[in-house]
Structure formats: structure tokens, C-alpha cells
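Accompanying notes for the structure given below.
The values are calculated or read from the model by the stated rules, or taken from the named source; none is laboratory data. None of these values were measured; they are calculated from a predicted model. Here Cβ is always computed from backbone atoms with ideal geometry, including for glycine, and neighbour counts include all displayed protein chains.
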Amino acid sequence: MDKLPRGLRYVLIHVTLGSDFPPVANSATDIALLRAAYCARQRKARGTEDAFLFVVVGQQAPEAVNGAIAAYGFPNARIVCIEVDDVEQRLEMGEEILHGLVGQAVEDWMNLEHSGAVTVFPKDYTDTEFWWSGVEYDNNVFDWPFDDAEFAKALPTSHLSKAATWLTILGYAVDLHATQACGPDALGRDIAAAWAATLCEWLHGFEAASGNGYNHFASEYSAGLMPSDFYLGFELARLSGDDLESACESADADIDDMSGVALKAITQDKRDELRAALSDFFGGDSGLYWALHSAIWPSYSDDHPRSMRDAIDRELGSGDMEDMARLDAPWRYVTEGWCDAADD
């Protein structure tokens, strides 16, 4: 059975540098690609067609590369051949040259066809080392009380194109189906709206914690995305323990402004649960950090490392004091759920 739930599909990028493509029959790379193609065909038969990009750098003729990929049987594959006379010489000159060529090919494909993808290591293709991997929205499986476009307007710019993907990830991470099945439909939609608000605020918080911008959640979250007034009032009373007059006094707000106060109390209450749920979905804190970081800085630049795994190791494993200082706030944000810098 598939490990990626219904409603999402994989976006996978495989890169070959040099003259070893197609790989030797029965070699480790050959077997890994055969297994990946078989998995892709099985997933397509069950209703989900994953997307693949193969970038081959070297002297191989495009026709030969196309034929080799077709022979593996990948159901949905785009192929880019980058002709380089002497790969080994180019590598000696500096890996950034080849990585720049690869990075541009990847950036073009991602921006044009898969801007909604969020980075994640694939659980269904563990036998194959991909240069980059992620998931993107495939079809609607949750009952959200608003559409994706409306939610996207409230997100930070770096996540705007990923709204549908993030909502689907959120639904599975917090097991929204089970929650909605236990109560009336209207209550289920309110709960869904509360979780969506918490995710939106959390993405805004990372923008501030990472130093990429400011936390604009309060000013950009619209009334059309809010849970019902009754839900907001009930939850504020439950969380604050105050009567209405005391709650207004504590918030220094009039009754007309209390919806925002209530939403803030709800999202703050849900932060820890959201953080833990997302960390579990992404396979740990490192995977969650990279999903957030790479949405802001995709790293398709001239100095991009050879694979996503190398990029994560470089980002999180640096011993440089300046790098460690820069990483302090966003890493604490991901591992603890919030930090002071996120309020900026």
C-alpha cells in the first residue's frame, strides 16, 4: 500500500552527472530505477500519477537518454539533457558550474509545472536516491469551509502557490477526517477553520523567525477564513476562564474586536500540537525545517549542492559560528513551536 496518503502526489527529480547513463544493467543505480518505475506504475494503477524529472549531464545523445528512461517504464517523466563535452574537467573547474546548469533546469521545471510542491523525503521511493523530492496537491479530500485561493491570500508570499498542498498536509497531519467524523458538520468546519488559521499563523511566524520578513498573520487573515462567532466565543471563554467583561479588559479591546483576540488564543493553544503533527508528517524536525526553509530559499542557485540531502546537511551541520547564530531562532521555532522572534 502507498505510504503517501490520497490527495497528494510526489514530485521527484533524478540527476546524473557523467557518462554513466543509462546505468550498467543490474548495477545498484539500474535496480533502484527499476524499483522506482515499478512503484510509480503501481501508484498510477491505484489512482495517483507521480511526476518525475530526469536531468542527464554529459555527452549522451538525447534520443538514447529518452529511450533509456522509456525502457524503465516511468508513466510521467520529463527529460532534460545538458550536453557537456567533458564532465570530469568541468567538475575539476568547480562543481558550481555544473550545479548551475542543473539548478536552472530544475528551477524552470518547478516554477512552470510544480510551484505548489513542498519538499519532503519520499516514503514510497526509499530505494532510490533522488536529487530533490517533494509532494504537491493532487485532488481534494477534505471539507474546508473556504477555497484554496482564499486561503492562499492569507499566506506568506513564499507559500502562496502551495496553499492547496499545505491544506492537504495539514488535514492528514492532524487527522481531520477522524475529528470531523465525531461531530456535526458545522462544528467540523469550524474545527477545520481553526486548524487552518493555526497553520497560517505558524507559517507567518517562521517568516519572522527566519529573518525573511515579518509576522503579518493578524493583518492578512481575513474574516472569511474565520470559524463561526459562536465557536470563537466559546473557545475564548474556555481558554481564558474569564467572563466577557474581564476578557475585554485583559485584551484592552471592545466587543467588536474580540474575534481576533479569540482566534489568537485558539491558534496559540494549538501551536504545540500542530508542530508535533507536522514534524511527524515530515519525518522529524529536520525534514520540517527544510520544508519551511526551502519554500523561502529554494536553493536552485549556482552553488546548490548535488542533492537535497546534502543541502540539509550543509544547512544544519555547519560549524561556522555565524551560520549557527543565524540558525538559532528558526531552529528553535521548529523544534519548540514558537520563539520570541516570531512575534516581530
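Within the stretch 152-195, the set of residues being crowded, with 18+ Cβ neighbours inside 10 Å and outside any helix (DSSP H, G or I) comprises ALA154, LEU155, PRO156, VAL174.
Filtering the stretch 196-227 to residues that are closer than 20 Å to ASP269 by Cβ, in a helix (DSSP H, G or I) and of a type outside the set (Gly, Ala, Ser) leaves THR198, LEU199, CYS200, GLU201, TRP202, LEU203, HIS204, PHE206, PHE217, LEU225. The single condition among (1) among the polar types (S, T, N, Q); (2) over 26 Å from the mean Cα position of the chain (by Cα); (3) in a loop (DSSP other than H, G, I, E, B) that ASN66 does not meet is (3).
Selection of the stretch 1-59 for residues being surrounded by 16 or more Cβ atoms within 10 Å (Cβ to Cβ), polar (S, T, N, Q) and at pLDDT 95 or above yields only THR48.
Given the conditions (1) free of Cβ contacts under 8 Å to residues at least 40 places away in the same chain; (2) surrounded by 20 or more Cβ atoms within 10 Å (Cβ to Cβ), which single one is not true for PRO75? So the condition that PRO75 fails would be (2). Figure legend. Inter-residue proximity from the stretch 258-275: first residues within 16 Å of GLU220 (Cα to Cα), second residues at pLDDT 95 or above and of a type in the set (S, T, N, Q), beta-carbon distance below 7 Å, spacing 6+ or different chains. Indicated pairs: THR267/THR198. If the condition is being out of contact with any helix residue (DSSP H, G or I) (no Cβ under 8 Å at 6 or more places or on another chain) and either surrounded by 15 or more Cβ atoms within 10 Å (Cβ to Cβ) or closer than 14 Å to ALA193 by Cα (or both), then the stretch 139-151 contributes only ASP147. Of the helices (runs of 4 or more DSSP H) lying entirely inside the stretch 258-342, those containing at least 2 residues that are acidic (Asp, Glu) and under 20 Å from the mean Cα position of the chain (by Cα) are 258-281, 308-317.
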